[in-house]
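Here's the structure, in structure tokens; my notes come after.
The values are calculated or read from the model by the stated rules, or taken from the named source; none is laboratory data. This is a predicted model, so every value here is computed, not measured. All Cβ positions, even for glycine, are placed from backbone atoms using ideal geometry, and neighbour counts span all protein chains on display. We work out accessible area using only protein heavy atoms, side chains counted, and drop any ligands, DNA or RNA first. Shrake-Rupley method; radii C 1.70, N 1.55, O 1.52, S 1.80 Å.
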Amino acid sequence: MTDPKTLKTLRATGHRITAQRQVVLEVVESSPKHLDAETIYQRVREKDPQISLATVYRTLSVLKEMGLIEQSYLARNHTREYYEPVGAPEHHHFTCLGCRTVIEFQSQRVKQMRADLQRELGLDISHACICLEGYCRSCAAKRKTVSK
């Protein structure tokens, strides 16, 4: 069930709380992983077989505009958007090029970089989006074994 505070936000911004908006938000909020629109669509269809992919995209856009979900990219080519609920501490993403696992991380160095840029250049940074790619420990070990 969607958080009452979230529903209040929808109402306060003049948006109706449609069944489709509620189910899309519930799918995003209940997932421990980052979801792309197609995956959200598949999960929503389990609850509402009549919903269209276009409705899911429109709903994601409204929810993002309202600040209820965040969109991120997990690869440098930015070909696919992923969604997650708002409210988690700022984090960044590492995507393994081998197994495609996405690892979330927080970093004091990113926080320090933001502070340095604010102090040195007078920037007011509201959000940092860092996406790293490479090989996780397991895939890196496999690559070393193969290259020997």
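Taking only pairs six or more apart or across chains, which ones have beta-carbon atoms under 8 Å, a first residue in the stretch 84-106 that is without any contact (Cβ under 8 Å) to a residue 12 or more places away in the chain, and a second residue that is surrounded by 14 or more Cβ atoms within 10 Å (Cβ to Cβ) and not small (Gly, Ala, Ser)?
Once the first residue is without any contact (Cβ under 8 Å) to a residue 12 or more places away in the chain and sits in the stretch 84-106, no partner that is surrounded by 14 or more Cβ atoms within 10 Å (Cβ to Cβ) and not small (Gly, Ala, Ser) comes close enough.
Could you please let me know if HIS34 is modelled with pLDDT under 90, within 17 Å of the chain's Cα centre (by Cα), within 30 Å of THR18 (Cβ to Cβ) and surrounded by fewer than 16 Cβ atoms within 10 Å (Cβ to Cβ)?
Details: modelled with pLDDT under 90: yes; within 17 Å of the chain's Cα centre (by Cα): yes; within 30 Å of THR18 (Cβ to Cβ): yes; surrounded by fewer than 16 Cβ atoms within 10 Å (Cβ to Cβ): no.
For HIS34, the condition - modelled with pLDDT under 90, within 17 Å of the chain's Cα centre (by Cα), within 30 Å of THR18 (Cβ to Cβ) and surrounded by fewer than 16 Cβ atoms within 10 Å (Cβ to Cβ) - is not met.
Take ALA54 and decide whether it is among the small types (Gly, Ala, Ser), in a helix (DSSP H, G or I) and either on the phi < 0 side of the Ramachandran plot or modelled with pLDDT under 90 (or both).
Details: among the small types (Gly, Ala, Ser): yes; in a helix (DSSP H, G or I): yes; either on the phi < 0 side of the Ramachandran plot or modelled with pLDDT under 90 (or both): yes.
Yes, satisfied.
How about the stretch 98-131: which of its residues are open to solvent by less than 80 Å² (accessible area, probe 1.4 Å) and in contact with a Phe, Trp or Tyr (Cβ under 8 Å, 6 or more places away or on another chain)?
Initial filter on the stretch 98-131 (open to solvent by less than 80 Å² (accessible area, probe 1.4 Å)): 98-99, 101-103, 105, 107, 110, 114-117, 122-123, 125, 128, 130-131.
Residues satisfying the conditions are GLY98, VAL102, ILE103, PHE105, CYS131.
So which residues in the stretch 132-143 are surrounded by 10 or more Cβ atoms within 10 Å (Cβ to Cβ) and over 26 Å from GLU70 (Cα atoms), if there are any at all?
Let us first name the residues in the stretch 132-143 that are surrounded by 10 or more Cβ atoms within 10 Å (Cβ to Cβ), namely 132-136, 138-143.
Of everything in the stretch 132-143, those that are surrounded by 10 or more Cβ atoms within 10 Å (Cβ to Cβ) and over 26 Å from GLU70 (Cα atoms) turn out to be SER138, CYS139, ALA140, ALA141, LYS142, ARG143.
Condition test on GLU84, is it of a type in the set (D, E, K, R), open to solvent by less than 30 Å² (accessible area, probe 1.4 Å) and either under 29 Å from ARG21 (Cα atoms) or in a helix (DSSP H, G or I) (or both)?
Yes; evaluated as a whole, the condition is true for this residue.
Out of all the residues in the stretch 104-120, which are under 14 Å from the mean Cα position of the chain (by Cα) and either in a helix (DSSP H, G or I) or over 29 Å from VAL23 (Cβ atoms) (or both)?
Initial filter on the stretch 104-120 (under 14 Å from the mean Cα position of the chain (by Cα)): 104-105.
Matches in the stretch 104-120: PHE105 only.
Looking at (1) in contact (Cβ under 8 Å) with a residue 40 or more places away in the chain; (2) open to solvent by less than 60 Å² (accessible area, probe 1.4 Å); (3) under 13 Å from the mean Cα position of the chain (by Cα), can you tell me which one GLU29 breaks?
The failed condition is (2).
Mind listing whichever residues of the stretch 28-51 are within 16 Å of GLU81 (Cα to Cα), in a helix (DSSP H, G or I) and not charged (D, E, K, R)?
Selection gives VAL28, ALA37, THR39, ILE40, TYR41, GLN42.
Residue under question is VAL44, and the condition is that it be over 14 Å from the mean Cα position of the chain (by Cα) and at pLDDT 85 or above; does it hold?
Numbers: over 14 Å from the mean Cα position of the chain (by Cα): yes; at pLDDT 85 or above: yes.
The answer is yes for VAL44.
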